[in-house]
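K.L.:
Pasting in a structure now, in structure tokens, and then I'll have a few things to ask.
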Amino acid sequence: TQLLEQSPQFLSIQEGENLTVYCNSSSVFSSLQWYRQEPGEGPVLLVTVVTGGEVKKLKRLTFQFGDARKDSSLHITAAQPGDTGLYLCAGDMAGGFKTIFGAGTRLFVKA
Amino acid sequence: DAGITQSPRHKVTETGTPVTLRCHQTENHRYMYWYRQDPGHGLRLIHYSYGVKDTDKGEVSDGYSVSRSKTEDFLLTLESATSSQTSVYFCAISEREREKLFFGSGTQLSVL
């Protein structure tokens with residue numbers, strides 16, 4: 001059982017559409033990160049959120065941390081083919097050392 | 001890009017043979033990690049290091065050992081490879097505990 005559940009697992013959309021992917025848990029996290037991974041490469045950090053209710057924007061990407069710090073969402077506006085990749089959420093549990101990763105959402109944006 | 005080099009990038013080996021994967025960093029970061037990535041499981045921590053000769057187990061450490069004799073190098077050894085260890089292995093580094101991770105490009109290991 002994944003401590004961090006990501007949904008959907010796979011998403012295929014047309015260029016220009018909006019989408020939201022979710023990262024949910026029953027555990028509380030002191031911080032949560034979103035990474036993007038391309039084939040044959042390691043994940044690259046997009047953002048870290050640390051405060052419940054926090055919203056961060058990175059160009060067309062909007063990240064939100066849930067008020068209870070148990071969940072997060074990533075919204076992409078007007079998706080482009082360059083957004084194609086595997087999106088991973090990762091959480092740091094309060095008092096713990098390791099970072100827990102979700103299984104990821106694989107996004108494919110068609111031109 | 002963070003200076004992290006993993007070697008080899010690809011390896012095919014037979015069951016029962018020892019295998020060592022290398023991670024080399026040029027960032028002088030204190031923390032180094034080995035993860036494996038499998039479909040449906042995301043990234044799972046194998047072992048990590050918080051300094052030279054200071055290592056500890058992650059959540060999937062059975063069958064793996066690590067060594068860190070220098071700040072820049074972190075080795076992952078499979079003493080006797082099994083087919084269940086077929087995976088993509090990623091090394092990561094961080095400057096401080098639980099700070100953002102920088103990942104290498106991965107090693108694709110196939111155990112036949």
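K.L.:
For the stretch A:53-105, what are the residues that are within 26 Å of B:Glu59 (Cα to Cα) and β-branched (Val, Ile, Thr)?
P.N.:
A:Thr99, A:Ile100, A:Thr105, listed by residue number.
K.L.:
What is the residue count in the stretch B:33-56 for residues that are at the interface with chain A (Cβ under 8 Å from one of its Cβ atoms), within 22 Å of A:Phe10 (Cβ to Cβ), touching a residue at least 12 places away in the same chain (Cβ under 8 Å) and open to solvent by 10 Å² or more (accessible area, probe 1.4 Å)?
P.N.:
Matching residues across the stretch B:33-56 total 1.
K.L.:
Testing A:Ala103 on (1) closer than 26 Å to A:Ile13 by Cα; (2) more than 14 Å from chain B (Cβ to nearest Cβ); (3) not in a strand (DSSP E or B), one condition comes back false. Which one is that?
P.N.:
(2)
K.L.:
All but one of (1) on the phi < 0 side of the Ramachandran plot; (2) within 14 Å of chain A (Cβ to nearest Cβ) hold for B:Thr13, so report the exception by its number.
P.N.:
Of everything listed in (1) on the phi < 0 side of the Ramachandran plot; (2) within 14 Å of chain A (Cβ to nearest Cβ), B:Thr13 misses just condition (2).
K.L.:
Return the only residue of B:Lys57, B:Lys100, B:Lys53 being closer than 26 Å to A:Glu38 by Cβ and among the basic types (Lys, Arg).
P.N.:
Just one listed residue meets the conditions, B:Lys100.
K.L.:
For residues that are closer than 16 Å to A:Arg106 by Cβ and over 15 Å from the mean Cα position of the chain (by Cα), tally how many sit in the stretch A:18-41.
P.N.:
Qualifying residue count, the stretch A:18-41: 3.
K.L.:
Any residue at all in the stretch A:47-55 that's outside any loop (DSSP other than H, G, I, E, B) and within 11 Å of chain B (Cβ to nearest Cβ)? Walk me through how you get there before you give the answer.
P.N.:
Pass one, the stretch A:47-55, residues outside any loop (DSSP other than H, G, I, E, B): A:47-49, A:55.
From what is left, the residues that are within 11 Å of chain B (Cβ to nearest Cβ) are A:47-48.
Yes, some residue in the stretch A:47-55 is outside any loop (DSSP other than H, G, I, E, B) and within 11 Å of chain B (Cβ to nearest Cβ).
K.L.:
Are any residues in the stretch B:57-112 surrounded by 14 or more Cβ atoms within 10 Å (Cβ to Cβ), away from chain A (no Cβ under 14 Å), in a loop (DSSP other than H, G, I, E, B) and among the charged types (D, E, K, R), and if so, which ones?
P.N.:
Residue satisfying the conditions is B:Glu72 alone.
K.L.:
Can you find, within the stretch A:67-99, the residue that is nearest to the other protein chains (Cβ to nearest Cβ) among those that are closer than 22 Å to B:Leu101 by Cα, of a type outside the set (Ser, Thr, Tyr) and part of a loop (DSSP other than H, G, I, E, B)?
P.N.:
Looking at residues that are closer than 22 Å to B:Leu101 by Cα, of a type outside the set (Ser, Thr, Tyr) and part of a loop (DSSP other than H, G, I, E, B), I get A:Lys98.
The values are calculated or read from the model by the stated rules, or taken from the named source; none is laboratory data. Quick caveat: nothing in here was measured; it's all calculated off a predicted structure. Virtual Cβ from ideal backbone geometry, glycine too; neighbours counted across all protein chains shown. Surface accessibility is based on the protein's heavy atoms, side chains included, excluding ligands, DNA and RNA. Shrake-Rupley method; radii C 1.70, N 1.55, O 1.52, S 1.80 Å.
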